[in-house]
Amino acid sequence: MDKSWMTMGKTPDGRLSRPYIEGVNAFINFAKAVVDLSGNIPCPCIHCVNCYRQSLHTVRIHLLHRGIMQSYINWHNHGESRVLNENIHDNEMSDGDHMDGIDALVGDRIRGEPRNVIEDEEVHHFDKLEEDAKRKLYPGCTDYSILKFVIEMLNVKVMTNLSNKGLDMMLELLTKVLPKGNLIPRSTYEAKKILRDLGMSYEHIDACKNDCALFWKENENLDKCPVCEAPRYKDTRAQGKKISHKVLRYFPLTPRLRRLYMSSQRAKDMRWYIDKRVDDGIMRHPADNEEWKEFDLQYPDFALEPRNVRLGLATDGFNPFGNINNNYSMWPVILIPYNLPPWLVMKEPYFMLSLLILGPHQPGNEIDIYLKPLVDELKELWEEGVETYDAYSKEHF
């Protein structure tokens, strides 16, 4: 279909030209196939940017008076099939039912990085990760790969509060019991090294015991709080490793957002609010809210890419020991990707733990101090963005 008329919509004179008017009429006829129960379609004018549904008559008026979005070359919101990038096949893996959770996790991780833009060292890490996911735990083993075994053993360690020494002893015993040639890691350290390349790590950031500041960025090398001058460590006279009064656990957000698009099914679900949602005036999803639509009007460049992630944030504190006599507080900060459909968006697997604030007292109004690493990363994503791979459309965006 000829779309050359679209460029004429940039100027008032162009929108009065016969080719542009005929092009708008052709577009309206084409879009009749996707009208909803109310007879409306997404309006691609430069103000509505496909965020508002209007009648065919109103859409025609908007396009003639305001012009059409110049970037809307592929009319995927109006019945045209989306153009896919068929040139990316590196490490392509299906999300079939034959893959168990571990294989899918590794597949997502490997699929998420284009081989032609990552460093040689990273390529080596991915190759090793894929190899560990396929290598059998011992000759003839059919149920466990080395990677699956390590994940389950470390899960047992966490769930039973097993010490490193206890796990070391278990691994040493299993090495002797299982057939020769087994690949059991010899220590907790070796087991953790195998998992390191999955990209699910977190950062330790020391904090002032009075919740004044983080020892981070410009304060990273300080031994005293820059605000109240309280000492950073519990006992500066002790020999060996220094122990901080308070430590924040920060889980970087970017790799977790990218992972949402490394599974083809999940990447498809992330577009549900724009592809499948019915806008009939009933609120079933955050996208039905007026604030969501108002935000799209204020930031049309962000709204033009439906795969941009909308996040909700929630936090609350609790005593992890279940004993009110034990003075301790834990505050997890959770992020929720609102792009997902209603039956997934509030499910536990899609909650992203971003911060874990631990200490004898709740942070109270000083919680903003602990949010700084997350806020800085969100600002970077908002201003610069990050390239990732969409396994559903098989393209980088």
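The values are calculated or read from the model by the stated rules, or taken from the named source; none is laboratory data. For clarity, every value in this text was computed on a predicted model and none was experimentally measured. FYI the Cβ positions are ideal-geometry reconstructions off the backbone, even for glycines, and counts take in every protein chain you see.
A few comments on the model shown:
- When restricted to residues that are over 20 Å from the mean Cα position of the chain (by Cα) and either of a type in the set (A, V, I, L, M, F, W, C) or closer than 15 Å to H76 by Cα (or both), the range 267-309 contains 7.
- Members of the range 343-361 that are crowded, with 17+ Cβ neighbours inside 10 Å and either of a type in the set (V, I, T) or out of contact with any helix residue (DSSP H, G or I) (no Cβ under 9 Å at 6 or more places or on another chain) (or both): V345, I357, G359
- For the range 311-321, the criterion of being modelled with pLDDT of 90 or more, of a type in the set (D, E) and either outside the structural domain of K379 (by TED's automatic domain parsing) or farther than 18 Å from N77 by Cβ (or both) is met by at least one residue.
- The lone exception for E218 - which of (1) charged (D, E, K, R); (2) surrounded by fewer than 12 Cβ atoms within 10 Å (Cβ to Cβ); (3) assigned by TED's automatic domain parsing to the domain that holds I369 it fails: (3)
- Residues of the range 216-260 that turn out to be in contact (Cβ under 8 Å) with a residue 24 or more places away in the chain and part of a loop (DSSP other than H, G, I, E, B), as a count: 6
- Selected residue (only one of I41, I28, I61 is surrounded by 21 or more Cβ atoms within 10 Å (Cβ to Cβ) and not in a loop (DSSP other than H, G, I, E, B)): I41
- One residue stands out in the range 178-197 among those that are surrounded by fewer than 18 Cβ atoms within 10 Å (Cβ to Cβ) and over 16 Å from K136 (Cβ atoms): the one that is modelled with the lowest pLDDT, namely R196.
- Every condition in (1) of a type outside the set (V, I, T); (2) modelled with pLDDT of 90 or more; (3) under 21 Å from the mean Cα position of the chain (by Cα) is met by S264 except one, and the failing one is (2).
Per-residue answers, yes or no, for (1) in contact with a strand residue (DSSP E or B) (Cβ under 9 Å, 6 or more places away or on another chain); (2) over 16 Å from V309 (Cβ atoms); (3) assigned to a helix (DSSP H, G or I):
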{"site": "H361", "(1), (2), (3)": "yes, yes, no"}
{"site": "E366", "(1), (2), (3)": "no, yes, yes"}
{"site": "I369", "(1), (2), (3)": "yes, yes, yes"}
{"site": "P373", "(1), (2), (3)": "yes, yes, yes"}
{"site": "D376", "(1), (2), (3)": "no, yes, yes"}
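- Looking only at residues in the range 133-179 that are touching a Phe, Trp or Tyr at 6+ places or on another chain (Cβ under 8 Å) and in a loop (DSSP other than H, G, I, E, B), the one that is farthest from S201 (Cα to Cα) is P179.
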